[in-house]
1. Roughly speaking, what % of Cα-Cα pairs in the range 288-445 are separated by over 26 Å, rounded to a whole number?
2. Taking every Cα atom in the range 3-127, find the radius of gyration and the maximum pairwise distance Dmax, and write them in Å.
3. How high is the relative contact order of the range 103-233, in percent, with contacts defined as C-alpha pairs under 8 Å that are six or more residues apart?
4. Along its three principal axes, how long is the range 279-323 when you only count alpha carbons? Whole Å, largest extent first please.
5. Mind giving me the FRET efficiency for residue 444 and residue 256? R0 is 22 Å, r the Cβ-Cβ distance, nearest 0.05 is fine.
6. Assuming a viscosity of 0.692 mPa s and a temperature of 37 °C, what translational diffusion coefficient in µm² per second does Stokes-Einstein assign to the range 310-377, Rh being the Kirkwood radius over Cα pairs?
7. Divide, for the range 110-185, the radius of gyration over alpha carbons by 2.2 N^0.38 Å, where N is the residue count.
8. Once you list every other residue whose beta carbon is under 15 Å from the beta carbon of residue 181, what net charge do they have if Lys and Arg are +1 and Asp and Glu are -1?
Amino acid sequence: MPIKISLISLGCARNLVDSEIILGTLKDAGAGFKIVDSPSSADIAIVNTCSFIEDAKKESIGVILDLIGLKKSGKIKGILVAGCLPQRYGKVLQKELGEIDGFIGVEGFARLPKLINDIADGKRIYSVSRNPAYLYDWKTPRQILTPRHFAYVKISEGCSHKCSFCVIPKIRGRHRSRKIESIVEEARYLISKGVKEINLVGQDTTLYGADIYGRAALPKLLKRLTALEGTRWLRLMYAHPAHLNDELISVISAEERICKYIDLPIQHISDRILKAMRRGTSRRSIDGLLTELRRRIPGIAIRTAVIVGFPGETEGEFEELLDFVKETRFGRLGAFVYSEEEGTPAAKAKKQIPEKEKLARWNEIMKVQQRISSENNGRFIGSEFEILVDEKEGSEKGVYLGRTYMDAPEIDGLVYIKGPGIRAGDFVTARITDTLEYDLVGIKA
């Protein structure tokens, strides 16, 4: 009888790619394993965890405790905890959670068939390396978990920045890039399977290639990808403002198949806070970059992320950030409450902001962005957009959910579309007839 495996994937799109590799590796191993949807139907449940900030850690621990409950009730036989949480806290978890049968970090996935068999045989396993160096390639087995019309491609792994608030370099290791040929072959394969939107991800996509080619090679990679027959949308995620240069802007502007969209986390705008964060940027450089992007790429949608309540952030510095958000009017913005992460320089700072004040600042900046988003969306009424249809809307007959070029999967807004002949995975032209705070409403043109 095959061992039945269920996987729960937590965290970001980069983690999702790892989950796809985990499942692909087990599926490729042959008849010894069977993938099932529900943990309660499995022999062994795997949870691929996130531990980037406190909320992510709480979510991961919550899922682990739920699985322990299933095991105690006899519904599953084994639990394997994978990913960032064991990579960061492996020995502590091994000591504190005796109900867990195995731990694997952010690499070593090729060994999973053996590790799963060991767990099935009653062994307790631990496979967490101290210095991650793993990179997958286009031949690595993957079971795509997204809808068949879009996929994520991880172009690099790890991060070499020393941001004072961030634990990613400690969890994922130093920045390392895949070869252009490997990424192109992976994209070619995905396109052959019906993928119409490829989202490029990594901890810092704009630094892609600097480690293996001697200089950032993202512009060259993008040109190779747009040349592939069948490419429709290419989207760039996780760009660092310190590395987004003139050549890259030119390629994004010139190539029709690259979505006029960029995910550009600025984190803050106060020069003192940016220096304390060790971001390698300044208000002047960020201002100049945003101005240049909008001048040279008309209609570009800029998504950003900011942190409120960073240690020592004064009321005046928060107001500076708030005013900048009001003036800049980002198309999409995610705000995060500063999370005090042990082992980071920022966690050792003396002037920690009280949690209540951090939450108040978060609420204030999100209210501002909500108003900006609503006003921005109002400008689109009467306009027509090419929409990539994601799925049928569950509650209302004849309504589908899709996205414009301005919206990345799972994190940005949606378009609610009505009209004849709409199918998930198709591109359709829609005229915008109404707006919601973050979403649009349209009819097929």
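1. Numbers: 5097 of 12403 pairs.
Tail of the P(r) past 26 Å holds 41 percent of the pairs.
2. Every Cα atom of the range 3-127 included, Rg and Dmax give 13.0, 39 Å.
3. Numbers: 178 pairs, mean separation 30.9, N = 131.
24 percent.
4. For the range 279-323, the Cα spread along each principal axis is 36, 18, 17 Å.
5. On the way: r = 23 Å, r/R0 = 1.03.
After rounding to 0.05, the efficiency reads 0.45.
6. Working: Rh = 13.1 Å.
For the chosen part, D equals 251 µm²/s.
7. Numbers: Rg = 15.9 Å, N = 76, 2.2 N^0.38 = 11.4 Å.
This ratio for the range 110-185 stands at 1.40.
8. Details: positive: 139, 178, 179, 188, 220, 223, 224; negative: 137, 185, 186.
Charge balance in the 15 Å sphere: +4.
A short reminder: the numbers here are calculations on the coordinates, not readings from a lab. Here the structure is a predicted model, which means the values were calculated and not measured. Methodologically, a virtual Cβ is constructed for each residue, glycine included, from the backbone with ideal geometry; neighbour enumeration extends over all protein chains shown.
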